Structures are given as structure tokens and as C-alpha cells.
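**Q** Sharing a structure with you now.
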């Protein structure tokens, strides 16, 4: 059968939905002032803030909706929201 | 081995031999003897199942749904108001393609409140996606449970089933029943192999919602499975006959129909009375026969057309009423026979436990022969 | 901390929640606490809808949705099935406040009374958000919703108090009941870990502000939930075997600081300030503070 029997599906397909296109403001992270506390990654409702190889945090802009929660919780004010250029 | 036993007990005994792993049910007359027996079997270590004593029928079927999704063979039983309380779960379980088997001790629906038999409860859920099998006697109700599990769990089907027998008339009646042994049931019914299940080793989201891009296709798939269930039932019924000597390969079953002018159509225990009435009418020279419907869903339209070739008049006995449009079986028989030229008359009969006697059947045949039908039969005269 | 151990996102990006969604964050945190060995049972509601349009599920663990009101009963059946199969997955329900406080009470009560080994989490955004912000039994006194709107005859909004669901479930004999808030993610994660490792039915009610339904900017979700705690309108506590423990202490601020930031309470301030209504809400916070002993007392100067 072509469809998942009983409207069931395995994981994975949600990532096809690139919610980054919803964004009006984008978070810009400043690695100079970041203290690597990870609060930005912890509170992101998309789970799209990740630690990179250098141990710094960065958002996955494919999915970031630009809500600004990371900016609000950042204790070092290392994140600022900038209007997206269309 | 043939034993005299109550219908409910026969059901409990055969369900035990079908080895459900989770049983969940809520007490309601006239279903109670079945679930009491099963609870005792679990308490006595005769049945290795989890028995969940829920706080409502709604939770009973919801628990069965969860257990089925987790990979267990499950069982429940209910009737009437309990089934209607389950209605939302019924549609859901069919849509989720979970092969739940549930016994229905058919009973009328309130108001007025009535604990007595008709078939309104299951008929009201005819569009829910559950297979519906109706038994004529206690042997048939026992046998149909084995067939039901086999058909429902077939990976080409994956639908739930109501296995129906008439409340009190069969549930509380003692009849001789030949119950197969555990080994015989095991030989007929393999262990449950879920099509898929909730499993941390293989994550799956079950019961997602469908947008307009997909919804129709899912409903189409259920409908196709319902049609495939016709052949699956015939196959399972034939296999049953080969193993146990009682053949259930027919979605319908004719009785003295061969040269009949008038055919009665009925479902459930009333067929026994009808057969006796047919015999008497035959003795009196009337060419009358019976067509018993065993599977109301899937509806045996083509089988009905085939069985009634040569018949001029049909009288459908409906133990239900689609208020404002006559009986449900009659309506569907008329639809199946459309264009054949056969006259079909529908009789609403035996609602809420009203007794039906052989002379009532004869009276219905007389009415049909006179072309009088599509009516309630046997009403108290003060309402007329 | 669990979130440091768990680097795989089990609640995947691409879900359709509003930006700044409190419930979406709760879902993520929940799976950080449970890890992969879990079966999630969802009720119909916002979270179910934003995370599972076929075939795009955001759940990378086994997940099932049946109906609005039956998650606890479905979970009961799953638990029975796993027990019979000798399987080890934890079973966690995640359901909104409408599904929990209102339509699902029958199934929840039955499941808790029977003592199934399940954890039931209510993500409480204090109204029916999926259908468009209608009042539920979890809607706080004074909040305006589309079915408890303000008007000349009803200047105060919702006239009814929030139902005390944790007490109801504690009264069922639940071994572990807790309230939590996404304002304190690690606390929520720890409570989920404790609940799933406590045999028997456990209940967690997590406060998940809804920017769309409550009327605040998406960036303020955490700040609003913190204010709920700092005003005493939401109290984080645990009830262990029927005894209240560990209520989070705060230096309380007046309820206005919480109310005035949300559109659902705007009628209390505009066009005219409703002092009597605000005082009633302050009294609710005061009563909470008294009941749970959350006020941090300043040391009295020696006399």
C-alpha cells in the first residue's frame, strides 16, 4: 500500500518542512561575548540552536522561526535579532 | 466435544482459546456473563491475559486500542448504550486499522430504556469501518470468533470486527455447543503478528492527522480492505469447515431457497424461528425460503443477487429502524436488488425484545404476497 | 544535566508550532528527559496538530494519537500490553489542559485509580488554543477567552477559578505529582525523570504560555512564565505520596506585572482600570503563597 496503513509514518519527514521561511527577524550570535552557557539551545522551541565544532552556538536558519527567545534568555546579551532582508 | 452451555459461556471459552493478551471491558446487561467468565479465567490462571477493569466502555475500547497498537491481541465485549459510548473509539480503531475483536450482545437503544434484544446498536455503527458478523445460534457465535480474529489480523485486511449475537435470546440460553480444544484452535488461529506496533526500537507515529491532500485516500484504503474482507472471510470460513466440519464460507446462507417464490431475509437468532416457519409453510405448499445474512459488513450484495435468482418477492425482517427511512437491512437489500425486478418489502420487527413467533413469520409472508410492506409489524393497535 | 547528555533532538525541527511556542519547548524538554526508550501518547490538540500532519511527524520516538479524551485509557492498554510482552519502554501521555482538566477526566481518573505505571503530563496553556482560545477548566480567573469574553455584562472575563487538577490526582493516590514551568527547563526535565522512574501513575502539569492565545510577543514566552511564578499565580511544587514538598520560593511581585503584559488580561487595565478585579487576582496569588509557603521572608531586624 502506498500510504502508511492507518495514517502512520516513520520519523524524519518533518524536516522537509523548512520553517526558516517563516522568519521575519534572524538571530545573530556574537561569539566574542558568548559564555557558552547553552541557554539559547536549551529554550529553542525548534531545537535548532546547536553547538558547533568550536564549541560556539549557532542557529540552523533552515528551521529558525525567529521567535527571539534565545535573545531574551541570553545572560550575556550575545544574541541580537536583525530584520531579515528579503 | 459437545456440551450444553450458556451462549455467553461458550463465547468466553472460545475467546480464552483465542489467547487474547489484553482484555478490557465494562459490565453491561446482557454482556456481563462473558466478561465475568473471562475475569474468572484470568483469576484462575486459565487465561494468561491482562484484564483491565475500566471505568467505562469508552475506556474499555480505548485501552484495547492502545494494547493493539502496542502489539497485543485484544478482546472486549459490550452492547447497546455501551457500544454507543464507544462510538468515537470505534471509528478511530477502524481508521487506525487495528484488528480488535469485540463481541456484541445485541440490544436495543434508549430512549425508552430497554435491556432487551434488537440489533439497533451495531446497525447504528454500520459506517464505522468494523466488520459485522451475526450468529444464528451459540455454535455459530463461538465459531465466528475464531474466524473473526483470523480475518481481522490478516495483513491485507487489518480491520476490527463486531461479532454479534442476540442479547438474552442467545447470551443467556443453554444450547449444545461443540467447542474445539486449545490445540485445535491453535492449529486454526496463528499467534498475532502485528503489521506494525509501538516500539522504541522502530519508532513510528500512529494516528497522525490527514490534510485534505490525504484524507480521502485513507478512507478509500479502509473501504478497499472492507471489500477484501469478503474473500478473506470466505477463505477463513472454508478453512474452518475443512478443520472443524462446520462450513462458514458463505457471507449469506440459503435455506430451502432453490425453487422459492418468496424469500425472507434476516440476521441472527430469528433465523432459527424463520427456518421452522419456512418448514411449516413448505408443508402447507408455499414456496418460501430464507436467506440468512452472516456478514452485514462487508455487505454481501452480489451474493444476495445470486442467491435470489428466481425469487419474485422478498420480505426483509429488520430488527432495527433507521428512523425516517425504514430498516437498514431492507434498504441495503433493495439497493442490491435494484433493477432485478424482484419486489422487496421491509418489515420492522421484534424491536426492544418483542417476541416473534412462527405465525408472525407466516403473517409477514402473507403481507409480502399481497404487496403490503415497508411497515412496522405487530404494533399494539392503540397506536394505529 | 540530562540535556547535556542528550545531544540528539528527538523532537525534530520542522514542526508547525508558532514561533516562541511554549508547548513545543515542553515537548522537546520532555524527550530530553525520557530519551528514546519511551512511548508517547498524545491527545488531540495544538501539539498533536503542529507536530503530526501526515506524513511529517516531528516525533522520533514511538508516538500514538487516538482521540481528544482517551490518552490515559490508551496508555493503560499500552502498559498492559508491554507488561504482557515483558517490554521496558516508559509510557508518557502529553495532553493539553482541555484534554486533561475537562474532556479527559473520566479516562484519567480511571487510569490513576487502577494504578497503571504511566506518566501523564499536562501541557497547560490555560485554554483551548487549537480551536481558537476558548475557556477550559484550566483558564485562570479573569482571563478573557473567546468563550469567556468581556462585555458590558461581564467586565471581568472568565468568572471561574482554575481547577486544582494536581490535588485531584494526588487524591487518587498518585505517588508523584508535580507542577513545573518551561521557565525552569532543567527543573521540568528532572521532574519528568523522577516521574517516569516512579512506579505507578504520576502527573506533571507544566505551565506552557501560548503567545498567540495569551497575547504577547513570541520572544517573551519564558519571561511570561517566569512572571507567573514570581507573582505566585503559578507555583512549582511536588506532591510525593500525598505530601506537598519543595514549593519553589520567590520574592513575589504584584500580579499586575504579569497581567498587564498579556492581551487576555488587557480589560483589567483598559479602557478603565478594574482595581477590584485585579485585587481578586492578587488574592488568588496571596492564597497560593500562603498555601504553599513560597514567600521568601526578609529577616526581621532585631528589636
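**Q** Please go through (1) in contact (Cβ under 8 Å) with a residue 24 or more places away in the chain; (2) assigned to a helix (DSSP H, G or I); (3) out of contact with any helix residue (DSSP H, G or I) (no Cβ under 6 Å at 6 or more places or on another chain) for residue B:115 and return the number of the only condition it doesn't satisfy.
**A** The number of the failed condition is (2).
**Q** Let me ask you something else. Considering only segment A:21-32, I want to know if a residue exists there that is assigned to a helix (DSSP H, G or I), over 16 Å from residue C:221 (Cβ atoms) and either free of Cβ contacts under 8 Å to residues at least 24 places away in the same chain or away from chain C (no Cβ under 12 Å) (or both).
**A** Among the residues of segment A:21-32, at least one is assigned to a helix (DSSP H, G or I), over 16 Å from residue C:221 (Cβ atoms) and either free of Cβ contacts under 8 Å to residues at least 24 places away in the same chain or away from chain C (no Cβ under 12 Å) (or both), which makes the answer yes.
**Q** Still on this structure: Scan segment B:36-72 residue by residue and report those that are under 23 Å from the mean Cα position of the chain (by Cα), buried (at least 24 other Cβ atoms within 10 Å of the Cβ) and either farther than 18 Å from residue B:90 by Cβ or not assigned by TED's automatic domain parsing to the domain that holds residue B:145 (or both).
**A** Once the filter is applied, which keeps residues that are under 23 Å from the mean Cα position of the chain (by Cα), buried (at least 24 other Cβ atoms within 10 Å of the Cβ) and either farther than 18 Å from residue B:90 by Cβ or not assigned by TED's automatic domain parsing to the domain that holds residue B:145 (or both), segment B:36-72 yields B:38, B:72.
**Q** Do the conditions hold for residue C:257, that is, is it modelled with pLDDT of 95 or more and surrounded by fewer than 21 Cβ atoms within 10 Å (Cβ to Cβ)?
**A** yes
**Q** Against the conditions (1) farther than 14 Å from residue B:354 by Cα; (2) more than 14 Å from chain A (Cβ to nearest Cβ), where does residue B:93 fall short? Just the number, please.
**A** Failing condition for residue B:93: (2).
**Q** Does at least one position in segment B:207-217 carry a residue that is out of contact with any strand residue (DSSP E or B) (no Cβ under 8 Å at 6 or more places or on another chain), in contact (Cβ under 8 Å) with a residue 40 or more places away in the chain and within 14 Å of another protein chain (Cβ to nearest Cβ)?
**A** Within segment B:207-217 (the criterion being out of contact with any strand residue (DSSP E or B) (no Cβ under 8 Å at 6 or more places or on another chain), in contact (Cβ under 8 Å) with a residue 40 or more places away in the chain and within 14 Å of another protein chain (Cβ to nearest Cβ)), the answer is no, since none of the residues qualifies.
**Q** Tell me yes or no: at least one residue of segment B:59-81 is out of contact with any strand residue (DSSP E or B) (no Cβ under 7 Å at 6 or more places or on another chain), free of Cβ contacts under 8 Å to residues at least 12 places away in the same chain, more than 7 Å from chain C (Cβ to nearest Cβ) and assigned to a loop (DSSP other than H, G, I, E, B).
**A** For segment B:59-81, residues out of contact with any strand residue (DSSP E or B) (no Cβ under 7 Å at 6 or more places or on another chain), free of Cβ contacts under 8 Å to residues at least 12 places away in the same chain, more than 7 Å from chain C (Cβ to nearest Cβ) and assigned to a loop (DSSP other than H, G, I, E, B): absent.
**Q** A further question follows. Could you identify the single residue in A:66, A:4 that is within 9 Å of chain C (Cβ to nearest Cβ), part of a loop (DSSP other than H, G, I, E, B), surrounded by 16 or more Cβ atoms within 10 Å (Cβ to Cβ) and in contact with a strand residue (DSSP E or B) (Cβ under 6 Å, 6 or more places away or on another chain)?
**A** Just one listed residue meets the conditions, A:66.
**Q** Continuing with this model, one more query. Does residue B:341 meet the test of being part of a loop (DSSP other than H, G, I, E, B), over 23 Å from residue B:123 (Cα atoms) and at pLDDT 95 or above?
**A** So residue B:341 fits the description; yes.
**Q** Something else: Within the group C:230, C:197, which residue is touching a strand residue (DSSP E or B) at 6+ places or on another chain (Cβ under 6 Å) and away from chain A (no Cβ under 14 Å)?
**A** C:230
Conditions (1) out of contact with any helix residue (DSSP H, G or I) (no Cβ under 8 Å at 6 or more places or on another chain); (2) modelled with pLDDT of 95 or more; (3) closer than 22 Å to residue B:59 by Cβ, marked per residue:
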{"residue": "C:114", "(1), (2), (3)": "no, yes, yes"}
{"residue": "C:141", "(1), (2), (3)": "no, yes, no"}
{"residue": "C:148", "(1), (2), (3)": "yes, yes, no"}
{"residue": "C:155", "(1), (2), (3)": "no, no, no"}
{"residue": "C:161", "(1), (2), (3)": "no, yes, no"}
{"residue": "C:164", "(1), (2), (3)": "yes, yes, no"}
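**Q** While we're on this one: Find the helices (runs of 4 or more DSSP H) located wholly in segment C:179-271 whose residues include 1 or more that are within 22 Å of residue A:41 (Cβ to Cβ), and list them.
**A** C:185-196, C:211-214, C:221-231
**Q** If you don't mind, there's one more thing I want to ask. Determine whether segment B:153-163 contains at least one residue that is in contact (Cβ under 8 Å) with a residue 60 or more places away in the chain, assigned to a helix (DSSP H, G or I) and within 14 Å of another protein chain (Cβ to nearest Cβ).
**A** Yes, segment B:153-163 contains a residue that is in contact (Cβ under 8 Å) with a residue 60 or more places away in the chain, assigned to a helix (DSSP H, G or I) and within 14 Å of another protein chain (Cβ to nearest Cβ).
**Q** While we're on this one: Among the numbered criteria (1) on the phi > 0 side of the Ramachandran plot; (2) surrounded by fewer than 24 Cβ atoms within 10 Å (Cβ to Cβ), which single criterion is violated by residue C:126?
**A** Residue C:126 satisfies every listed condition except (2).
**Q** Would you call residue B:15 touching a strand residue (DSSP E or B) at 6+ places or on another chain (Cβ under 7 Å) and under 27 Å from residue C:109 (Cβ atoms)?
**A** No.
**Q** Against the condition in a helix (DSSP H, G or I) and not assigned by TED's automatic domain parsing to the domain that holds residue B:118, how does residue B:360 come out, does it pass?
**A** yes
**Q** Among the numbered conditions (1) within 30 Å of residue B:186 (Cβ to Cβ); (2) more than 22 Å from the chain's Cα centre (by Cα), tell me where residue B:231 comes up short.
**A** (2)
**Q** Also: Out of (1) buried (at least 24 other Cβ atoms within 10 Å of the Cβ); (2) within 11 Å of chain B (Cβ to nearest Cβ); (3) closer than 26 Å to residue C:25 by Cβ, what's the single condition that is false for residue C:110?
**A** Evaluating residue C:110 over (1) buried (at least 24 other Cβ atoms within 10 Å of the Cβ); (2) within 11 Å of chain B (Cβ to nearest Cβ); (3) closer than 26 Å to residue C:25 by Cβ leaves (3) as the failure.
**Q** While we're here: Restrict the check to segment B:231-246 and report whether at least one residue is assigned to a loop (DSSP other than H, G, I, E, B) and at pLDDT 95 or above.
**A** Yes, because at least one residue in segment B:231-246 is assigned to a loop (DSSP other than H, G, I, E, B) and at pLDDT 95 or above.
**Q** Now a separate question. Just name the residue that is farthest from the other protein chains (Cβ to nearest Cβ) out of those in segment A:42-63 that are surrounded by 22 or more Cβ atoms within 10 Å (Cβ to Cβ) and either out of contact with any helix residue (DSSP H, G or I) (no Cβ under 9 Å at 6 or more places or on another chain) or over 18 Å from residue C:224 (Cβ atoms) (or both).
**A** A:57
**Q** Tell me, yes or no, whether segment B:152-160 has at least one residue that is surrounded by fewer than 19 Cβ atoms within 10 Å (Cβ to Cβ) and assigned by TED's automatic domain parsing to the domain that holds residue B:79.
**A** Yes, there is a match, as at least one residue in segment B:152-160 is surrounded by fewer than 19 Cβ atoms within 10 Å (Cβ to Cβ) and assigned by TED's automatic domain parsing to the domain that holds residue B:79.
**Q** Continuing with this model, one more query. Please verify whether segment B:283-299 includes one or more residues that are farther than 18 Å from residue B:317 by Cα, in the same structural domain as residue B:364 (by TED's automatic domain parsing) and under 18 Å from the mean Cα position of the chain (by Cα).
**A** Yes, segment B:283-299 contains at least one residue that is farther than 18 Å from residue B:317 by Cα, in the same structural domain as residue B:364 (by TED's automatic domain parsing) and under 18 Å from the mean Cα position of the chain (by Cα).
**Q** Among the residues of segment B:14-47, what is the count of those that are part of a loop (DSSP other than H, G, I, E, B), over 23 Å from residue B:118 (Cα atoms) and touching a residue at least 12 places away in the same chain (Cβ under 8 Å)?
**A** Qualifying residue count, segment B:14-47: 6.
**Q** Within segment A:75-86, how many residues are within 11 Å of another protein chain (Cβ to nearest Cβ) and either under 17 Å from residue C:186 (Cα atoms) or modelled with pLDDT under 95 (or both)?
**A** Count: 0.
**Q** When residues of segment A:7-16 are filtered for being surrounded by 19 or more Cβ atoms within 10 Å (Cβ to Cβ) and either at positive phi or in a loop (DSSP other than H, G, I, E, B) (or both), how many remain?
**A** Summing the residues that are surrounded by 19 or more Cβ atoms within 10 Å (Cβ to Cβ) and either at positive phi or in a loop (DSSP other than H, G, I, E, B) (or both) in segment A:7-16 gives 3.
The values are calculated or read from the model by the stated rules, or taken from the named source; none is laboratory data. Source: prediction; values computed, not measured. Cβ sites come from the backbone with ideal geometry, for glycine too, and all protein chains shown count toward neighbours.
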